[in-house]
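This report concerns only the one structure given below.
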Amino acid sequence: MQPLNCRVIGNNVLQSGIRELLLALAPGAPSFSAGQYLMLDVGGAAFPFSIANAPNQKTLALHIKPTPDSSDSDRIERFLDSKPVSASIQYPLGDCCLKRLPDRPIILIAAATGITQMKSMLDWLIEQGFAHPIHLYWGVLTPEELYLKEELETAAAQHQVVYTPVVSQDIDHWEGRTGLVGEVVLADISNLNAFQVYVSGSPAMVYGTLDHFVENGFQPENMHSDVFSYAPRS
Ligand SMILES: Cc1cc2nc3c(=O)[nH]c(=O)nc-3n(C[C@H](O)[C@H](O)[C@H](O)COP(=O)(O)OP(=O)(O)OC[C@H]3O[C@@H](n4cnc5c(N)ncnc54)[C@H](O)[C@@H]3O)c2cc1C
């Protein structure tokens with residue numbers, strides 16, 4: 001795959017230190033499907049980031065969360081702090097994406113920055129007038145990490161979207177759902193096999209969720225995640 005050079009058109013800090021990098025696609029560059037990711041070149045090393053917007057021919061939005069005590073993450077931060085005017089990417093990647101509208105309701109489950117992939121899918125489904133209900137679950141450690149809260153609440157108020165943020169740490173000022181996001185999904189939805197399920201997060205989170213669902217009668221082929229391709233279990 002040929003690297004693609006993109007102009008940087010935005011480099012912002014969002015809530016909780018999340019970085020937003022906005023790239024302009026050159027005319028004639030390929031588009032992508034909702035849910036795909038790219039490899040961002042940072043000084044000769046390439047790092048995967050999901051594309052956080054719905055497909056279009058013009059822009060790619062990345063939301064990048066700093067990882068404490070990670071030299072890779074420090075390197076990415078230094079790159080962003082250097083205010084680059086362009087960035088080299090390999091793109092589009094990943095087969096956990098929406099190439100056409102599913103014929104049944106959807107459950108999108110994100111852990112932390114996994115929300116980027118789910119946001120791309122959600123925005124595209126809404127744009128396309130998806131006729132079935134969409135359930136979006138977002139698991140985070142603390143409420144402060146819900147950096148897309150208002151945007152997702154607005155989507156839920158205006159469309160057929162049920163948005164459920166889930167906080168896993170014991171927090172006094174949080175009145176919403178608590179615990180592990182997969183357990184909350186199971187508590188809410190008894191007929192999981194009636195849905196197409198997409199999950200984004202670390203391999204441990206995705207496989208933990210899958211196993212828990214399967215123990216409760218879920219057919220594993222109904223779950224889709226990039227993790228199954230880049231971190232296969234066997
Ligand atoms: C396919 C894919 C997409 C990714 N998309 C993003 C993104 O949109 N934003 C972002 O900040 N990081 C994303 N990551 C993680 C990111 O690539 C790393 O954080 C970065 O390379 C720094 O490396 P690290 O060794 O410090 O972190 P790692 O130890 O590799 O990961 C650290 C953090 O990234 C999270 N992470 C791991 N896999 C994914 C995933 N599939 N999607 C989202 N988060 C994940 C982990 O839960 C953890 O919080 C993605 C990783 C993969 C494999």
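Suppose R0 equals 35 Å. What FRET efficiency, 1/(1 + (r/R0)^6) with r the Cβ-Cβ distance, do F47 and I171 give to the nearest 0.05?
0.70
Below 11 angstrom from the Cβ of R177, what's the summed charge of the other residues (Lys, Arg +1; Asp, Glu -1)?
That sum, taken over residues with Cβ under 11 Å, equals -3.
In percent, what relative contact order does the chain have, based on Cα pairs under 8 Å that are 6 or more apart in sequence?
Computed value for the chain: 18 percent relative contact order.
Just check the range 73-189 against the gyration tensor rule for me: Cα atoms, a ≥ b ≥ c as the square roots of the eigenvalues, rounded for a/c under 1.5, and otherwise prolate or oblate depending on whether a/b exceeds b/c.
The shape class here is oblate.
Are there any GluC sites (Glu not before Pro) in the range 146-203 that are in a DSSP loop and have at most 13 other Cβ atoms within 10 Å? List them by number.
Here the sparse-neighbourhood loop sites are E175.
Excluding same-chain residues fewer than 8 positions from K58, which lysines have a Cα within less than 20 Å of its Cα?
Result set, ordered by chain and number: K99, K119.
Taking only DSSP H segments of four or more residues, each worth -39500 (n - 2.57), what value at 222 nm results for the chain once the sum is divided by all its residues, to the nearest 500 deg cm²/dmol?
Rounded to the nearest 500, the figure is -7500 deg cm²/dmol.
Tell me the angle of helix 115-127 to the major Cα principal axis of the chain, expressed in degrees between 0 and 90 and rounded to the nearest ten.
Orientation of helix 115-127: about 80 degrees from the principal axis.
For an R0 of 25 angstrom, estimate the FRET efficiency from the Cβ-Cβ distance between A156 and A26 and round to the nearest 0.05.
The value I calculate is 0.10.
Note the angle between two axes, namely the Cα long axis of helix 149-158 and the longest principal axis of the Cα atoms of the chain, as a number of degrees from 0 to 90, rounded to the nearest 10.
60
Write down the radius of gyration of the range 81-147 and its Dmax, each obtained from C-alpha positions, in Å.
15.0, 45
Starting from the alpha-carbon convex hull of the chain, give the projected area averaged over all orientations, in nm².
13.5
Tell me the relative contact order for the range 29-147 as a rounded percent, counting alpha carbon contacts under 8 Å between residues six or more apart.
32
Every read-out reported here was derived from the displayed coordinates using simple, explicitly stated rules and does not represent laboratory data. No experiment lies behind these values; they were computed from the predicted model shown. FYI the Cβ positions are ideal-geometry reconstructions off the backbone, even for glycines, and counts take in every protein chain you see.
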